[in-house]
Amino acid sequence: MFSFKRFTQEFHSTFLFNAKRHGTFLLIFILWIILKHFLFFKMGGYNSNPDDLTVPEFLFIIMTIATTVDVFSRLRGPISGSQYLMTPSNTGEKFASAWLYSTLFTFAIITISYNLTHLICMIAANALNESDFPINMQTGANLWALFRWTLLFQAIYFLGAVTFRKNPAAKTTVALFGVIIIGGIFGSSVISQYIGNSTHFSGNLHLQNSNDWKLIFGGEDLPQVIKNIEHAIKILLHIIPFACWIGSYFILKNKQV
């Protein structure tokens, strides 16, 4: 039976076990934010709109991955692994604490750290340089979109963390690239059968940037098979996190046994 007391103890144990390592990651993350703002104001390293300073998507994802692969790190050592599996917490409590730590808790800490550092940097820089750049914070829509993407990567690397005993980050990344390559080959072979005969693509085979792709693949007169593939991909992206979490639970449960 699920016990909130054991769950809280397990979460606290996970936090203490990873606090030093993840605190270092967070410090590097904050220093990177400060450096980026310094370059923006002092060295002209950023010629784009200050809005670009507010959405470091790739860093959120990297931080999430780095945190996620560590939540089951105790399983990788023979002694620590045995101690972890023998703790009073059951599979559900271990899973829930690791999931909460690597999703909501991690995302909240990264988001608060980023926005607070960004706010302080912008206020200080505007005051010191007598400038008036707007202090644009992350919007709710941006945070929700970012959270959905981090959940996708969290789920994949969460499964890798409980599956692979050694080098889970590297092995999961290789497996992920393999799946992407296979999916890309399959997708391109299907699309190539229709792209040449479709009037929608006529004269648009030389695509220069992402906007060109959006214009061509965003029309209403796309071949139905392309629309079906697009719809299937969207559904798949929503299914993957739940499939990975369910798989992680049963793998962890099997290790408990």
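Quick note: the coordinates plus some simple rules give every number you see, no bench work behind them. Here the structure is a predicted model, which means the values were calculated and not measured. Because the Cβ atoms are built from the backbone with ideal geometry, glycine has one as well, and the counts that use them run over all protein chains shown.
Ignoring lysines fewer than eight residues from K171 along the same chain, the ones with Cα atoms less than 30 angstrom from its Cα are K20, K94, K234, K253, K255.
Using 0.36 nm per residue and subtracting the Cα-Cα separation, the extra length available between F15 and N136 on full extension is 40.4 nm.
If you take all other residues with their beta carbon under 13 Å from the beta carbon of L27, and give Lys and Arg +1 and Asp and Glu -1, the sum is +2. Ranked by the mean number of other Cβ atoms within 10 Å of their residues, highest first, the peptides 103-116, 127-140, 14-27, 144-157 come out as 144-157, 103-116, 14-27, 127-140. Spin-label model, I246 to K227: label points 7 Å out along the Cα-to-beta-carbon direction sit 2.9 nm apart. Computing FRET efficiency as 1/(1 + (r/R0)^6) for L59 and L100, where r is the C-beta to C-beta distance and R0 is 25 Å, gives about 0.70.
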